[in-house]
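The values are calculated or read from the model by the stated rules, or taken from the named source; none is laboratory data. This structure is a prediction, so every number in the text was calculated from the model and none was measured. All Cβ positions, even for glycine, are placed from backbone atoms using ideal geometry, and neighbour counts span all protein chains on display. Remember, those area values only see protein heavy atoms, side chains included, never the ligands or the DNA or RNA. Shrake-Rupley method; radii C 1.70, N 1.55, O 1.52, S 1.80 Å.
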Amino acid sequence: MKVSAIANSNIALVKYWGKRDKEFMLPFNGSISMTVNDMFTHTTVEFDKKYTEDILIVNGKGLKPGEEDYDEYVGAFMKVVRQLTGNQTKIKIVSKNNYPTAAGLASSASGFAALSLAVSKAFGMPLNEKALSILARRGSGSASRSISAGFVEWHRGEKKDGSDSFAEQIAPPEHWPEFRMIAVITSKKEKKVKSRAGMAQTVATCPFYPKWVETVPIDLDAIRKGIKEKNFTLVGTTAEHNCLKMHATMIATRPAIIYWNPATMEVIHSIMDWRDEGLESYFTIDAGPQVKVLCMEKDSKELAKRLGALKGVDEIIVTRPGPGARFTDEHLF
Ligand code: PMV
């Protein structure tokens, strides 16, 4: 039986950075994100005895068991699924993103959320939103947040088995339809340091890391309040601060991890200058050189025009709060 699912990407307003348990993908800190409307992964899976080994095709490129990029990600995830279900049948997975992969646009988030939903049905284990979030988390931490629509919080949890570390919706997309996020693509190259390796290096070597863990709950409280009250200034200032705090921990690792390129800096300074002039927007950046600009609908056209004209900017994607993971009848093979 073929099953297809679509899951949208999410961009964190309070970032997840650092694992307290690598096997169960348990974070040191909680995080809050927005599931975005216009960037998604479409995945089709088929379990069948005709397959002698797992097959994975992502954006037309085949990845095989035995290759690092397979074993560490989808391979490890399929091991978890097989442990949970006891079903050893091989699988074919074909997956397609409608946006650049692995360049700091949360492709692992939408990818593992779509895969979790598809696999859960194909294996006949219907899961609720919480259980799906927990399963998606085993593929990639940020994927736990792409199951739900709109504004979403991933709880850090306390338990060793991860049963209390899941994401859930804070507010649906209709709560704040004027909220916009402009993804500013400054490079389409795959990043050198994947988030998984980057966060492990930060936990191991950054002297400021304990302060990050200590202060994130303050940011979570502020963003939660800002979303509930639709206070854009509170959400924007907190998200920007939280992002810079995370990048400060990355920069202070050994060896240093600097995800920004000159165009990233150009966007940061421009946003700050325009804000001083009265055009209110804020930036957030993940483990890559792209910038995500937060603004209100009324300013989005002007900002997109100005951002698109900056040196080094390749592409602009204007998006808004979007839907959670869902099934589709459209199969990719
Ligand atoms: O779960 P991962 O491996 O995609 O890590 C995500 C890390 C950040 O994008 C930098 C932050 C976040 O919360 O999405």
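Before moving on, here are some points about what is shown:
- The stretch between LYS50 and GLU315 holds 91.2 nm of extra length on full extension. This uses 0.36 nm per residue minus the Cα-Cα distance.
- Radius of gyration and maximum dimension Dmax of region 211-324, Cα, Å: 14.7, 43
- With all pairs of different C-alpha atoms in the average, the Kirkwood value for the hydrodynamic radius of region 279-319 is 10.9 Å.
- Taken over region 2-173, the convex hull of the Cα atoms encloses 107 Å³ per residue.
- Choice from ILE11, ILE147, ILE257 showing the highest fluctuation, given a GNM over the chain with Cα pairs closer than 10 Å: ILE257
- Local charge for GLU178 was computed over the other residues whose Cβ lies under 9 Å away, with Lys and Arg +1 and Asp and Glu -1, and equals +3.
- Accessible carbon and sulfur surface of region 1-127 relative to its total accessible area, %, 1.4 Å: 52
- Translational diffusion of the chain, µm² s⁻¹ [Kirkwood Rh, Cα pairs; Stokes-Einstein; 20 °C; 1.002 mPa s]: 108
- Neighbours of VAL94, meaning other residues whose beta-carbon lies under 10 angstrom from its beta-carbon, give a summed charge of +2 when Lys and Arg score +1 and Asp and Glu score -1.
- Three principal axis lengths of region 48-135 [C-alpha, angstrom, descending]: 34, 32, 19
- Projected label points at ARG254 and ARG326, each 7 Å from Cα along the beta carbon direction, are separated by 5.1 nanometres.
- Across the cross-link table entries LYS194/LYS245; LYS64/LYS191; LYS92/LYS189; LYS22/LYS159, which are compared at the Cα atoms, the separations over 23 Å belong to LYS92/LYS189.
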